[in-house]
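Below is one structure; the comments refer to it alone.
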Amino acid sequence: MSPESRKFSKVDAIIRNHDSKPSHLVAILQEIQAEYRYLPEEVLTYVATALGIPAATVYGVSTFYTQFSMNPKGKYIIKVCNGTACHVKGSEKIKYLVQKELGLNDKKNTTDDLQFTLETVSCIGACGLAPAVMVNDNEVHGQMTPEAMEIVLKDIKSRKDTTEAAAAGKEN
């Protein structure tokens, strides 16, 4: 197996699972993004070639839908809701606290170590819990304050440290 084919073996498996059908492009891109946490440019070109469709089609789909990201995202994606209810109840303070704690700003939303990404979203559907924050699409924290957000960040960082310690233990 060549280094090039090894590099794209996961992408090949995803494409095969969809019978190499161009009509499955969105689902293929969703699975690729789940694997890489974003859509690398060289992977998009590879997908176009593998499916026998123009690269412009693949790029067009990947940039049209907001669910897709062309930039690397962190292991922990923190979404601060800025919908009306959350905004009125102080979501901006939560966002600024996360930016400060993680060294991020409005132009840089992912940490250099690719552990954290901060996103501001229009609504996470938890208006009754405003202001609300979601971590990795499966963990909702409601009635947030900057102090409560500090606790959430500390918890996430401790998970990261525990995971790294476990990995180091396996290597020894």
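Once the Cα-Cα distance is subtracted from the 0.36 nm per residue extended length, the Lys75 to Glu150 segment shows a gain of 25.2 nm.
Would you indicate which of (1) 1.21; (2) 0.97; (3) 1.01 is the value of Cα Rg over 2.2 N^0.38 Å derived from the coordinates of this structure? Matching entry in (1) 1.21; (2) 0.97; (3) 1.01: (1).
With N as its number of residues, the range 78-168 has a Cα radius of gyration that, divided by 2.2 N^0.38 Å, comes to 1.07.
At full extension, Val88 and Asp137 could sit 15.4 nm farther apart than now, given 0.36 nm per residue minus the alpha carbon distance. Report summary: the helix-based calculation at 222 nm, which adds -39500 (n - 2.57) for every DSSP H run with n ≥ 4 and divides by the residues of the chain, gives -16000 deg cm²/dmol.
What the phi angles of the range 121-126 give under the Karplus curve with 6.51, -1.76 and 1.60, with θ = phi - 60°, is a coupling list of 10, 6, 6, 10, x, 10 Hz, glycine and proline written as x. With θ taken as phi - 60° and the Karplus curve 6.51 cos²θ - 1.76 cosθ + 1.60 applied, the whole-hertz 3J(HN,Hα) list for the range 102-109 is 9, x, 10, 8, 5, 9, 10, 10 Hz, x standing for glycine and proline. Across the chain, Cα pairs under 8 Å and at least six residues apart give a relative contact order of 18 percent. Working from label points 7 Å from Cα in the Cα-to-Cβ sense, the Lys107 to Tyr59 distance is 2.4 nm. Magnitude of the charge dipole for the range 1-68, about its Cα centre and with charges confined to Cβ atoms of Lys, Arg (+1) and Asp, Glu (-1), is about 80 debye.
Laboratory data are not the source of any read-out in this text; all were calculated from the coordinates shown. Note that this is a predicted model, so its numbers are computed, not measured. Glycine gets a Cβ as well: all are built from the backbone with ideal geometry, and neighbour counts include every protein chain shown.
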